[in-house]
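Report on the structure given below.
The values are calculated or read from the model by the stated rules, or taken from the named source; none is laboratory data. These figures come from a predicted structure and were not determined experimentally. Cβ: placed from backbone, ideal geometry, glycine included. Neighbour counts: every protein chain shown.
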């Protein structure tokens, strides 16, 4: 699925209650780095896929200035776990969040996806509901990470399940 970048900015800003200007500026930084598509010209919008949307979300979760966060998100989106890039993993989470069976009504408030940045070595994604916790550790090639390395964490932010659900639903509504 592909989404108009302007619509993605609106969806993410609304779901996270971040300033649309801030989300748009981060999207522009990622475009400058070639991580998000640009408009082909004319009246055609820039179209992005779910993995590219995840780069934007990663950049917004990194507690650094815009340009540095965009660069780090671009690098980290290629960190892998069992061959899968973290950008693809988060993208799949977003697409499934737009589906009707992502979260049951009883678990919607307790489910969460958290992305912990251990710069520059790892991204830890925890995705859990009450009965089905899952933790995946994405690292650069050859790097290792363990929970004992938590002292070196430079930034940690949590994306609650309700926001992930809102973003996924919003993306489902703006799919091209």
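Figures for the structure shown
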{"read-out": "Positions within the stretch 40-50 being modelled with pLDDT under 90 and part of a loop (DSSP other than H, G, I, E, B), in sequence order", "value": "40, 42, 43"}
{"read-out": "Residues located in the stretch 93-140, provided they are more than 19 Å from residue 158 (Cβ to Cβ), modelled with pLDDT of 75 or more and not in a strand (DSSP E or B)", "value": "95, 140"}
{"read-out": "Number of the condition not met by residue 82 [criteria: (1) surrounded by 19 or more Cβ atoms within 10 Å (Cβ to Cβ); (2) on the phi > 0 side of the Ramachandran plot]", "value": "(1)"}
{"read-out": "Qualifying position, being crowded, with 16+ Cβ neighbours inside 10 Å and in contact with a strand residue (DSSP E or B) (Cβ under 9 Å, 6 or more places away or on another chain), among 51, 59, 13", "value": "51"}
{"read-out": "Any hit, the stretch 51-63, residues being within 15 Å of residue 123 (Cα to Cα), modelled with pLDDT under 90 and not in a helix (DSSP H, G or I)", "value": "yes"}
{"read-out": "The stretch 3-37, residues that are closer than 18 Å to residue 160 by Cα and in contact (Cβ under 8 Å) with a residue 40 or more places away in the chain", "value": "11, 12, 14, 15, 16, 18"}
{"read-out": "Any chance residue 68 is more than 14 Å from residue 172 (Cα to Cα) and either part of a strand (DSSP E or B) or without any contact (Cβ under 8 Å) to a residue 40 or more places away in the chain (or both)", "value": "yes"}
{"read-out": "Some residue of the stretch 18-39 being at pLDDT below 95, buried (at least 17 other Cβ atoms within 10 Å of the Cβ), within 16 Å of the chain's Cα centre (by Cα) and in a helix (DSSP H, G or I)", "value": "no"}
